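Asks: To start, I am sharing the structure in question, which I have written as structure tokens.
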């Protein structure tokens, strides 16, 4: 579809040049007149390309503003014709007023167009609302796989957009010579197929690309600006860069952190010590959701399930860490019983 549009644009520019060649405005020779037509045609195409990136609200605002400006200029111009101003001067004032008021109305209408409420017009502009609620998938969140569960749970609404450059990146990862990367890429393609089969989600593959931008992350940001949508990712760096540029981001990691149960210092937990910690006499455990639990005094309890007391919780954008302490009360009680047992035996022998 992209190349057909460019063919139409080329035909428009050539047709514009042919018209000016035939009409010869200002009695110009054939070559300058044709050049003028080609330049004007190219200017129209560039203007149209710029308008593609403008929201419907701003287009409507610009149209209304320009119309009101032209209407005001015509009314004032008619009043000037009733005065004693010389005809040529009145014509100059009328033309100048028309251009100034039309330009002012166009610019102010475009700037203030965001305050328009298109929903008040019913379903006439429902396509624009759908465009604004579009969710753009990042490569990392596709490979991650949790987006499927989020879609199945009904937390994703509107249109889900998958850019063609993201598909190309997935294909490169799936064709990698590294077995781990190859499996991750194929997993991402399988995830996309599962999302496409969901009846509750509308998946659209878009061809929009930005050749002047090399980074895929920056291309996602430009695409989000174009569609006025939100980026779904779990990439920390992309999250920060997009927020700096005013792009709304839905971070899957932040959603997972928000859904994790709240753990407060002083509460008791039961964990399985999996490995040794980095610090002295520490053990490390993991909860079912992947949260790391660092336990003091638990180095000797590796491969065992123990009860611990939570001492603190560290919350970051990358995840949550829980710190706890193992109270060796059971071992202390056992040692106490073992020390008191010989004394009891001695007392029994003396009594005998």
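The values are calculated or read from the model by the stated rules, or taken from the named source; none is laboratory data. These numbers come from a predicted model, not from an experiment. Using ideal geometry, Cβ is built from the backbone for each residue, glycine included, and neighbour counts are taken over all protein chains shown.
Per-residue answers, yes or no, for (1) farther than 30 Å from residue 10 by Cβ; (2) surrounded by fewer than 16 Cβ atoms within 10 Å (Cβ to Cβ); (3) outside the structural domain of residue 110 (by TED's automatic domain parsing):
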| site | (1), (2), (3) |
| --- | --- |
| 46 | no, yes, no |
| 56 | no, no, no |
| 59 | no, yes, no |
| 62 | no, no, no |
| 70 | yes, no, no |
| 74 | yes, yes, no |
| 84 | yes, yes, no |
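Asks: Mind checking whether some residue in region 286-306 is assigned to a strand (DSSP E or B), surrounded by 16 or more Cβ atoms within 10 Å (Cβ to Cβ) and at pLDDT below 85? If you could, list the steps in order and put the result at the bottom.
Replies: Taking region 286-306 and keeping what is assigned to a strand (DSSP E or B), we get 286, 292-296, 305-306.
From what is left, the residues that are surrounded by 16 or more Cβ atoms within 10 Å (Cβ to Cβ) are 292-296, 306.
Those left that are additionally at pLDDT below 85: none.
No - not one qualifying residue is present in region 286-306.
To keep it simple, each residue is scored yes or no on (1) in the same structural domain as residue 205 (by TED's automatic domain parsing); (2) under 30 Å from residue 164 (Cβ atoms); (3) surrounded by 15 or more Cβ atoms within 10 Å (Cβ to Cβ).
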| site | (1), (2), (3) |
| --- | --- |
| 17 | no, no, yes |
| 21 | no, no, yes |
| 30 | no, no, no |
| 43 | no, yes, no |
| 88 | no, no, no |
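Asks: Output the number of residues of region 47-66 satisfying the condition of being over 13 Å from residue 113 (Cβ atoms) and part of a helix (DSSP H, G or I). Give the derivation first.
Replies: Kept after step one, since they are over 13 Å from residue 113 (Cβ atoms), are these residues of region 47-66: 47-50, 52-53.
Filter again for part of a helix (DSSP H, G or I), leaving 47-50, 52.
The total comes to 5.
Asks: With 266, 283, 277 as the choices, which residue is at pLDDT 60 or above, exposed (fewer than 14 other Cβ atoms within 10 Å of the Cβ) and in contact with a strand residue (DSSP E or B) (Cβ under 8 Å, 6 or more places away or on another chain)? Working first, answer last.
Replies: Details: 283 fails: exposed (fewer than 14 other Cβ atoms within 10 Å of the Cβ); 277 fails: exposed (fewer than 14 other Cβ atoms within 10 Å of the Cβ).
Matching residue, one of 266, 283, 277: 266.
Asks: Against the condition in contact (Cβ under 8 Å) with a residue 12 or more places away in the chain, closer than 29 Å to residue 3 by Cα and out of contact with any strand residue (DSSP E or B) (no Cβ under 8 Å at 6 or more places or on another chain), how does residue 201 come out, does it pass? Please lay out each step first, then the result.
Replies: Numbers: in contact (Cβ under 8 Å) with a residue 12 or more places away in the chain: yes; closer than 29 Å to residue 3 by Cα: yes; out of contact with any strand residue (DSSP E or B) (no Cβ under 8 Å at 6 or more places or on another chain): no.
Against the criterion (in contact (Cβ under 8 Å) with a residue 12 or more places away in the chain, closer than 29 Å to residue 3 by Cα and out of contact with any strand residue (DSSP E or B) (no Cβ under 8 Å at 6 or more places or on another chain)), residue 201 does not qualify.
Asks: Out of everything in region 154-177 that is surrounded by fewer than 17 Cβ atoms within 10 Å (Cβ to Cβ) and at pLDDT below 85, what residue ends up being nearest to residue 223 (Cα to Cα)?
Replies: 158
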